[in-house]
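What follows is a short report on a single structure.
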Amino acid sequence: MANVSCGFDVLGFCLDPIGDEMIIRKTAEKGIRITKIEGQDLPLEAHNNVAGVAGLALLEAHPSAFGFEIEIIKGIKAGSGIGSSAASSAGAVFGINELLGRPFTRGELIQFAMKGEELASGTPHADNVAPVLLGGFTLVRCSKEPDVIGLPSPSELYATVLHPKIELKTSDARAVLKKNIMLEKAIQQWGNLAALVSGLYTNDYDLIGRSLVDVVIEPHRSALIPGFQELKKAATDSGALGSGISGSGPSMFALSRGEAAAIRVGESMRQAFLKYNIEFELHISKINPKGIHIISSK
Ligand code: HSE
């Protein structure tokens, strides 16, 4: 889940119950072949698929005598705002790296996974792939030569995510953004971002809540999100620490202290969204400390 309100393109955290599964095998034939995608209609050609592009970037940096075959079981819908392209991009490079005997660290894999993000959104941002690969909260200090810092996650912090089942392409959600921002807004935004990071280190839930404010991106994107105002109000009224757009939307997230609070916030968001007659899913998640992992290997 990228951005976390005040951290556009630099802050993110890894969700627990939501994700893709991938099966990656070595093949005698060099290169990458995507043989199957379940759960969504996405391109199979490696050069047009985020997993393929990310994997090919890794193989360019570390040529291999064999190739790889990838099956993708999509658990996250593309255009949901909960990191669909990041899940597949990170999955491909993580799996290939394992089968190559781990020539790269998880941190080094970020640069390759970002190539998949570039294909999906037009910009190689790392705020989704970094938490997938490293787990927990991550801060991208620099994405050109990726410098990513893992941040602590307070143990009682829970996320509620409401995912309306409509597609909002990241590239479209980026197209509505302005190229320049007012100095006054920038000051508020970096004050909030620094305070949020401080709150994560000091387990200061109130400070985390006060810092979940986005004065730069949300004002432009909120018009693209059905129920944005009602969902924010529902989250606040039911005791969330704060709320905002999940990634580039249309999903919305709230952070709460404790699971019971996160469930209560979810119920309130559910009630507020029912009138929109848009199918949706609701996820309650602890911050996932582990990130991507091997389910089984043969
Ligand atoms: N930081 C990116 C954006 C995340 O908001 O455009 C996209 O998933």
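Would you confirm, using the coordinates I've provided, whether VAL132 is away from the ligand (no atom under 13 Å from the Cβ) and among the β-branched types (Val, Ile, Thr)?
On the way: away from the ligand (no atom under 13 Å from the Cβ): no; among the β-branched types (Val, Ile, Thr): yes.
Spelling it out, it is not the case that VAL132 is away from the ligand (no atom under 13 Å from the Cβ) and among the β-branched types (Val, Ile, Thr).
For the range 250-265, give me each residue that is out of contact with any Pro (no Cβ under 9 Å at 6 or more places or on another chain) and either part of a helix (DSSP H, G or I) or surrounded by fewer than 24 Cβ atoms within 10 Å (Cβ to Cβ) (or both). Step through it out loud before you land on a result.
Taking the range 250-265 and keeping what is out of contact with any Pro (no Cβ under 9 Å at 6 or more places or on another chain), we get 253-256, 258-265.
Result: GLY258, GLU259, ALA260, ALA261, ALA262, ILE263, ARG264, VAL265.
Only one residue in ARG221, ARG210 is assigned to a helix (DSSP H, G or I), within 16 Å of the ligand (Cβ to nearest atom) and at pLDDT 95 or above. Which one?
Numbers: ARG210 fails: within 16 Å of the ligand (Cβ to nearest atom).
It is ARG221.
Kindly indicate whether VAL93 is over 23 Å from SER251 (Cβ atoms) and among the hydrophobic types (A, V, I, L, M, F, W, C).
Details: over 23 Å from SER251 (Cβ atoms): yes; among the hydrophobic types (A, V, I, L, M, F, W, C): yes.
When the stated conditions are applied, VAL93 passes them.
Filter the range 43-60 down to residues that are among the aliphatic types (A, V, I, L, M) and open to solvent by 60 Å² or more (accessible area, probe 1.4 Å), then give me how many there are. Spell out the reasoning first.
Start the filter on the range 43-60 by keeping residues that are among the aliphatic types (A, V, I, L, M), which leaves 44, 46, 50-51, 53-54, 56-59.
So of that shortlist, the ones also open to solvent by 60 Å² or more (accessible area, probe 1.4 Å) come out as 44.
Going through the range 43-60 one residue at a time, the tally reaches 1.
Give the number of residues within the range 68-87 that are under 19 Å from the mean Cα position of the chain (by Cα), more than 15 Å from ALA130 (Cβ to Cβ) and not in a loop (DSSP other than H, G, I, E, B).
3
Could you grab me the full set of residues in the range 99-110 that are more than 16 Å from the ligand (Cβ to nearest atom) and touching a strand residue (DSSP E or B) at 6+ places or on another chain (Cβ under 8 Å)? Before the answer, list the steps.
At the first step, the residues of the range 99-110 found to be more than 16 Å from the ligand (Cβ to nearest atom) are 99-109.
Once the filter is applied, which keeps residues that are more than 16 Å from the ligand (Cβ to nearest atom) and touching a strand residue (DSSP E or B) at 6+ places or on another chain (Cβ under 8 Å), the range 99-110 yields LEU99, GLY107.
What do you reckon, is SER88 within 16 Å of the ligand (Cβ to nearest atom) and under 14 Å from GLY116 (Cβ atoms)?
Details: within 16 Å of the ligand (Cβ to nearest atom): yes; under 14 Å from GLY116 (Cβ atoms): yes.
Yes: the conditions hold for SER88.
Taking the stated definitions as given, is LYS169 among the charged types (D, E, K, R), at pLDDT below 95 and within 13 Å of the ligand (Cβ to nearest atom)? Reasoning before the result, please.
Working: among the charged types (D, E, K, R): yes; at pLDDT below 95: yes; within 13 Å of the ligand (Cβ to nearest atom): yes.
Yes.
Could you please give the count of residues in the range 241-298 that are free of Cβ contacts under 8 Å to residues at least 12 places away in the same chain and touching a Cys at 6+ places or on another chain (Cβ under 7 Å)?
0
Can SER285 be described as hydroxyl-bearing (Ser, Thr, Tyr) and either open to solvent by less than 10 Å² (accessible area, probe 1.4 Å) or not assigned by TED's automatic domain parsing to the domain that holds LEU196 (or both)?
Taking the combined requirement at face value, the residue satisfies it.
Looking at GLY247, is it open to solvent by less than 20 Å² (accessible area, probe 1.4 Å) and away from the ligand (no atom under 16 Å from the Cβ)?
Working: open to solvent by less than 20 Å² (accessible area, probe 1.4 Å): yes; away from the ligand (no atom under 16 Å from the Cβ): no.
Taking the combined requirement at face value, the residue does not satisfy it.
For the range 182-212, which residues satisfy the criterion of being of a type in the set (A, V, I, L, M, F, W, C) and closer than 20 Å to VAL140 by Cα? First the steps, then the outcome.
Taking the range 182-212 as the starting set, the residues that turn out to be of a type in the set (A, V, I, L, M, F, W, C) are 182-183, 186-187, 190, 193-197, 200, 207-208, 212.
If the condition is that a residue be of a type in the set (A, V, I, L, M, F, W, C) and closer than 20 Å to VAL140 by Cα, then ALA186, ILE187, TRP190, LEU193, ALA194, ALA195, LEU196, VAL197, LEU200, ILE208, LEU212 are the ones that fit.
Which of the following residues is closer than 18 Å to SER155 by Cα and within 20 Å of the chain's Cα centre (by Cα): SER256, SER246?
Numbers: SER246 fails: closer than 18 Å to SER155 by Cα.
So the residue among SER256, SER246 that is closer than 18 Å to SER155 by Cα and within 20 Å of the chain's Cα centre (by Cα) is SER256.
What pairs can you find where one residue is in the range 186-198 and in contact (Cβ under 8 Å) with a residue 40 or more places away in the chain, the other is of a type in the set (D, E, K, R), and their Cβ atoms are less than 6 Å apart, with a gap of 6+ or different chains?
Cβ pairs passing all conditions: none.
The values are calculated or read from the model by the stated rules, or taken from the named source; none is laboratory data. Just so it is clear, the structure is predicted and the values come from calculations on it, not from any experiment. Note: ideal-geometry Cβ built from the backbone for every residue, glycine included; neighbour counts use all protein chains shown. Ligands, DNA and RNA are excluded from the accessible area calculation, which covers all protein heavy atoms including side chains. Shrake-Rupley method; radii C 1.70, N 1.55, O 1.52, S 1.80 Å.
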